[in-house]
Amino acid sequence: MRFVIDVVAGELLEKHPLEYWWAPDFPAIDPRRWGRRYDDFWMLGISETGKPGRKFFDELVHLSWAGGGGYQTYRVPKGQYLGGEPVFLGDPADPKHGLVICQLLEAETRRGSFLLFDAFDVTRGPIAKLPLPRAIPPCFHASFHAD
């Protein structure tokens, strides 16, 4: 939910609900937009929300408040899970281009990796997979700072 508030008058001016409601969590934005208005953000979701049984984050979701709040998703294969939060790496030359990095856990093989996505076309799936020597705990948090 995005709220637009007149802080001087103390009034709620607008409410914009999310269209994605499958246990969204760990939202991330372009760090160059911290403390400023932004439209695009990325988060994790659970496709099996509301169904019985064990479950964990298995979707990467890109949402945009612009144009009515639509969204795109990418779902990892069964038995694989996303952890931490998505990390946005912006293209310094173009604010509408960048990558999103997500931590992946392959439960059956106990392998871990990082998946890289085109930030503005996550439905296409990962454009690269960076294997790790061992899996990282699924709720390990991250951030990125360009040098």
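The values are calculated or read from the model by the stated rules, or taken from the named source; none is laboratory data. Quantities reported herein were computed from a predicted structural model and do not represent experimental measurements. When we count neighbours, we look across all protein chains shown, and the Cβ atoms used for this are built from the backbone with ideal geometry, even at glycine.
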message = Testing Gly98 on (1) within 16 Å of Ala28 (Cα to Cα); (2) out of contact with any Leu (no Cβ under 6 Å at 6 or more places or on another chain), one condition comes back false. Which one is that?
response = (2)
task = Among what's in the stretch 24-52 and is part of a strand (DSSP E or B) and of a type in the set (D, E, K, R), pick the residue that is nearest to Gly125 (Cα to Cα).
result = Asp40
request  = State yes or no: is Leu44 out of contact with any helix residue (DSSP H, G or I) (no Cβ under 7 Å at 6 or more places or on another chain), of a type in the set (A, V, I, L, M) and under 30 Å from Lys78 (Cβ atoms)?
outcome  = yes
remark   = Among strands (runs of 3 or more DSSP E) entirely inside the stretch 79-119, those with 3 or more residues being more than 18 Å from Pro133 (Cα to Cα) and either touching a Lys or Arg at 6+ places or on another chain (Cβ under 8 Å) or of a type in the set (D, E, K, R) (or both) are 80-91, 94-106
ask   = When the stretch 1-23 is examined, which residues are found to be among the aliphatic types (A, V, I, L, M), exposed (fewer than 10 other Cβ atoms within 10 Å of the Cβ) and assigned to a strand (DSSP E or B)?
value = Leu13
query = Mind checking which residues of the stretch 64-91 are within 13 Å of Thr123 (Cβ to Cβ) and in contact (Cβ under 8 Å) with a residue 40 or more places away in the chain?
reply = Gly70, Tyr71, Gln72, Thr73, Tyr74
task = Only one of these is over 17 Å from Ile136 (Cα atoms) and under 9 Å from the mean Cα position of the chain (by Cα): Leu89, Leu99, Leu60. Name it.
result = Leu60
remark   = Flagged pairs (Cβ under 6 angstrom, 6 or more apart or on separate chains; first in the stretch 1-14, closer than 28 Å to Tyr71 by Cβ; second modelled with pLDDT under 95 and among the aromatic types (Phe, Trp, Tyr)) are Arg2/Trp65
message = The conditions are (1) within 30 Å of Pro77 (Cβ to Cβ); (2) among the basic types (Lys, Arg); (3) not in a loop (DSSP other than H, G, I, E, B), and Lys55 fails exactly one of them. Which is it?
response = (3)
inquiry  = Can you confirm whether Leu104 is surrounded by 15 or more Cβ atoms within 10 Å (Cβ to Cβ) and within 27 Å of Arg2 (Cα to Cα)?
reply    = no
